[in-house]
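Chemist: This is the structure I have questions about; it appears just below.
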Amino acid sequence: MFPELNSILNDSPENFSTGEFVLLSDRQSDASFLMHHFLGFYLRAGCQVCFVGLAQSLSHYSAVSQRLGVSLSQAKERGQLVFLEGLHESLSILNPDGSRPKSQAMDFLRNPEAGLQSLFLSAHSGLTSQGAESGGPRPPALLVDDVGLLASLGVGVDSVLDFSHYCRALVCSRLKGNVVMLLRCDPEGDVDEAGSQESSERLLRGLTHQCSLALAVRGLPTGYCRDIHGQLEVWDRRRQADGQQQKKMTFQYKVHDKGASFFAPGTSSAVL
């Protein structure tokens, strides 16, 4: 969890907005540090958290969270965190050998045209199994990293957008919690494929239309810099009465081993 980012978003584990759909995206940079922030944020806030890990394994998130002062193993033991291992569960379908437990969450890999109902039901179970639906002390949170991989695995863009819509209806509207999804806009291997790029852009537009808060990580227009890792654009629709998306502010950032720093463009000590 990054205190400076909490200040930018005017949130804290003790007092934060609920019923929100937060979209994280990146282009020519890596926004995974933001996903680690929100994972630690909601666990420290005492929320019931369901994390759909499609991009990395639980051990990866555990190692990073440990450096940030959050223990995922303890959160799992006390029932606060349900982690859906998308990577491992996919292997039981793509390369069955009988030794891996069968999972229903990734059934769409058997039949991509069936949509993402099985994944949604698994997330629903992860959020409500600990009593979140009956009204816990803090609202639940659903995190998905990386939703773009669903399209890469053969699921249609419309199905992915339907999935996000149903997640919003369940978590944001029904359970009064928050949804955070990460979308990588230019994954390796798709840069030269026009169809994949078009799908990625269409998915980004659709998710942006649904979200109430968008954090877009971009590479520096001037290229690589050792002391500045990229730019963060914050679009906040939470307080807009007319519902229109409005650019709030642009920051530059640097990721550290145990955190991240954010500053106005051109104010880093590296360029002064």
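The values are calculated or read from the model by the stated rules, or taken from the named source; none is laboratory data. Here the structure is a predicted model, which means the values were calculated and not measured. We place every Cβ from the backbone using ideal geometry, glycine too, and count neighbours over all the protein chains shown.
Chemist: From the list Ser103, Ser92, Ser159, Ser152, exactly one residue is at pLDDT 90 or above and either under 27 Å from Gly40 (Cβ atoms) or surrounded by fewer than 22 Cβ atoms within 10 Å (Cβ to Cβ) (or both). Which is it? Spell out the reasoning first.
Modeler: On the way: Ser103 fails: at pLDDT 90 or above; Ser92 fails: at pLDDT 90 or above; Ser152 fails: at pLDDT 90 or above.
Selected residue: Ser159, the only one of Ser103, Ser92, Ser159, Ser152 that is at pLDDT 90 or above and either under 27 Å from Gly40 (Cβ atoms) or surrounded by fewer than 22 Cβ atoms within 10 Å (Cβ to Cβ) (or both).
Chemist: May I ask you to list pairs of residues, at least six apart or on different chains, whose Cβ atoms are under 9 Å apart, with the first in segment 146-165 being more than 15 Å from Leu54 (Cβ to Cβ) and the second being modelled with pLDDT of 85 or more and basic (Lys, Arg)?
Modeler: If the second residue must be modelled with pLDDT of 85 or more and basic (Lys, Arg), the pairs left are Val157/Arg202; Leu161/Arg202.
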